[in-house]
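The values are calculated or read from the model by the stated rules, or taken from the named source; none is laboratory data. None of the values given here were measured: they were computed from a predicted structure. Backbone-built Cβ (ideal geometry, glycine too); neighbour counts: all protein chains shown. Areas reflect the complete protein model, heavy atoms only, side chains present, ligands, DNA and RNA absent. Shrake-Rupley method; radii C 1.70, N 1.55, O 1.52, S 1.80 Å.
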Amino acid sequence: MDAEEQALRAAIIAKCRWMNDSGLNAGTSGNISARWRERMLITPSATPYEAMEPEMLASMPIEGDYGAWDGPLKPSTEWRFHLDILRARPEAQAIIHTHAPYCTALAITGRDIPAVHYMIAAFGGATVRCAGYAPFGTAALSQKALEALEGRCACLLANHGMIAFGPSLEKAMWLAVELETLARQYHNALLIGGAVVLSDAQIEETLAAFKGYGL
């Protein structure tokens, strides 16, 4: 393992610890992966982040022997949708999955997040979709997630949680935080009578403006 890979592994663990400390996730329910050359690095299954060391992360080929892994511990039970996203979306360099409270609350109701705030454009369009329910760790869940992510970089998972991916580990986590913020805003708007939804044209304006900001 060279120094660059070691640093990426350490950064993944640091993000895991941060997302729990920040309240974005709890326990070992979330997981993070990142593209490393032609392989995926992913957090191991059921391992407390405080006890995790860089060598404990699993390494999986993105192409080739599907599901094969190297490392002392099994990869996260959600390795399948992480791997399938990296295979299907070459722009994805890192993937965050959490059971963030507000995202999960909306996912429990099976709701998409509509354009209740212009920041929804950061995810690629006028909605963040909620993928249909399937058991965790299954091919069915992976397929539903890929469908919900079409043209988007984030989605909710019905009765489960959320996924966000980005062109770097930092950007993926930024998007995960923005998604939970958006979910909280929508949740609160529902409590006080509903939300005014922006038009597709208004979101297109935001998308155009974001190009100048690098979002």
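Observations, loosely collected:
- For residue 5, the solvent-accessible surface computed with a 1.4 Å probe is close to 30 Å², ligands and nucleic acids excluded.
- Efficiency of FRET between residue 10 and residue 70 - r from beta-carbon atoms, R0 22 angstrom, step 0.05: 0.80
- Summed over qualifying helices (DSSP H, 4 residues or more, each -39500 (n - 2.57)) and divided by its residue number, the chain shows a 222 nm mean residue ellipticity of -12000 deg cm²/dmol.
- Computed over Cα pairs, the Kirkwood radius of region 158-215 leads via Stokes-Einstein (0.890 mPa s, 25 °C) to a diffusion coefficient of 182 µm² per second.
- Here the gap between residue 89 and residue 139, fully extended at 0.36 nm per residue and compared with their Cα-Cα distance, gives a gain of 16.3 nm.
- Of 126, 94, 139, the one that fluctuates the most in a GNM where the chain has Cα springs shorter than 10 Å: 139
- Restricting region 19-69 to GluC sites (Glu not before Pro) in coil, as DSSP defines it, with at most 14 other Cβ within 10 Å: 38, 63
- Between region 47-93 and region 173-215, the Cα center-to-center distance that results, in Å: 30
- Signed unit charges on C-beta, dipole axis of the chain, positive-most listed residue 125, 45, 113: 113
- Ranking 61, 190, 168 by how far each Cα lies toward the positive end of the dipole of the chain (charges on Cβ) leaves 190 at the top.
- Counting all C-alpha pairs of region 56-215, share separated by more than 27 Å (%): 24
- Point-charge dipole on Cβ atoms (K/R +1, D/E -1) for the chain, about Cα centre, debye to 20: 360
- In region 1-100, inverting the average of 1/r over every pair of distinct C-alpha atoms gives 13.3 Å as the Kirkwood radius.
- Residue ranges 201-207, 82-88 sort as 82-88, 201-207 when ordered by packing (mean number of other C-beta atoms within 10 Å per residue, highest first).
- Over region 70-136 - Rg/Rh using Cα atoms and the Kirkwood inverse-distance radius: 1.01
- Percentage, to the nearest whole number, of Cα pairs in region 41-90 over 15 Å apart: 42
- At full extension, residue 150 and residue 37 could sit 38.3 nm farther apart than now, given 0.36 nm per residue minus the alpha carbon distance.
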